[in-house]
Amino acid sequence: MSNKASHNEIDSRNGFLLVSKYRNAIMGIAALWILAFHAWIPVTPAPTPEHFNVLGFLERYIKIIGYCGVDIFLLLSGIGLTFAIKKGSILRFYYRRLRRIILPFLVVSVFLWRVFGWSTLEFIKHISGYNFYFVKADGTMWFVFAIVALYLFFPLYYKLFSKASNKLLFTGIAIAIWLVISLILQNIMRTDLYGFTNRIPVFIIGILFGYITQNKKDIVFKAWTYILLVIILVTGLYLSYLTTLQNFYLILPVGNCFLPNLLIAVSLPFLIAKILDLAERRLSLFGKVLVTVISFFGTFTLESYCIQEWFIKIIPDLMNDGISIHLINLGMFFVINATAWVASVLFKYFWELVEIPFKKHKTVE
């Protein structure tokens, strides 16, 4: 076997490299899961005490835990930032993060301001983050404020992380410190803020995974590795069922956004990546088309998330007008994704135009 063939074989068996390879596809699946959480109306009969409908239960369960897509985003963001931080200065790092967020957030915020009649003060409280930190953490487009906070936190954490001789131990200690602080603040911090802070560990683990992806390219995932990942995923799904549907209190307030989501987020991406890798290898053209289509939805995830904030508010009106559930589901799917894709293209060209003078200046120098 040639060195090149051997290298490719090792790459395909390294789960971390597969997650990196199929990052857009995994983000696409997470984005569609979040869309289902926000906008999907169940079409199968709901389970009742007299008749347990398996399909009805699964449809509603998959929908109601769709917020796990956020945790997958945070894991992938942690991984991605370990690459991004090496591409220039800290100022450039922050600029590129801000550039990615600011237009989708501001455009949708202005739209919501005008359509829903926010006062100017309410609009300022929203875009400044005041509402997120001091009123309600799970309000309109809360994820934007959460990810910005993590972006601000990342360079300092990564600097300390990079200096640690044992990265796994450092990560464990960081999560332990987070847990102790979270437990101490239980009777002090607003409960809804735990919906954000409980997701810090999965972001931190993403940073560890990013380091491993770049520095441990000889790691091989064997059959038992994937069996273990399936066990972790099933455990996370079961704990999510207990905390979300059975109101089981698990360690911290909003416990479903800590351990259950973490277990799902650290296992599901590896399993998805392996399935997509097998699809491309075994199903030839169909596998490649499948990956391409799913990856497409991963290219405008933030635009999709922000735009959903308006579209989901009109669903009750559509239902009251007697429009069929199937038509509403299909309409939401196509309209939200089409609008988000167009917006992402326009935002891309906007930034290219803004940066032309700077590129010319750099060329002259």
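The values are calculated or read from the model by the stated rules, or taken from the named source; none is laboratory data. Since the model is a prediction, treat every value here as computed from it, not as a measurement. Neighbour counts are summed over all protein chains in view; Cβ atoms, including those assigned to glycine, are modelled from backbone coordinates with ideal geometry.
Scanning segment 293-329 for residues that are within 20 Å of Val107 (Cβ to Cβ), over 17 Å from the mean Cα position of the chain (by Cα) and not in a helix (DSSP H, G or I) yields a total of 0.
Being of a type in the set (S, T, N, Q) and either under 15 Å from the mean Cα position of the chain (by Cα) or surrounded by 12 or more Cβ atoms within 10 Å (Cβ to Cβ) (or both) is a description that does not apply to Ser284.
For beta carbons closer than 9 Å, sequence separation of 6+ or different chains, a first residue in segment 330-342 that is part of a helix (DSSP H, G or I) and a second that is of a type in the set (Ser, Thr, Tyr), the qualifying pairs are Ile336/Ser304; Asn337/Ser304; Thr339/Ser304; Ala340/Thr301; Ala340/Ser304; Ala340/Tyr305; Trp341/Thr299; Trp341/Ser304.
Within segment 186-208, not a single residue is loosely packed, with under 14 Cβ neighbours inside 10 Å and small (Gly, Ala, Ser).
Kindly indicate which of Leu160, Leu169 is over 24 Å from Pro269 (Cβ atoms), at pLDDT 90 or above and out of contact with any helix residue (DSSP H, G or I) (no Cβ under 7 Å at 6 or more places or on another chain). Reasoning before the result, please.
Details: Leu169 fails: over 24 Å from Pro269 (Cβ atoms).
Every option except Leu160 fails the conditions.
Mind listing whichever residues of segment 30-54 are within 26 Å of the chain's Cα centre (by Cα) and either loosely packed, with under 13 Cβ neighbours inside 10 Å or part of a loop (DSSP other than H, G, I, E, B) (or both)? Show your work before the answer.
Residues of segment 30-54 within 26 Å of the chain's Cα centre (by Cα): 30-43.
Result: Trp40, Ile41, Pro42, Val43.
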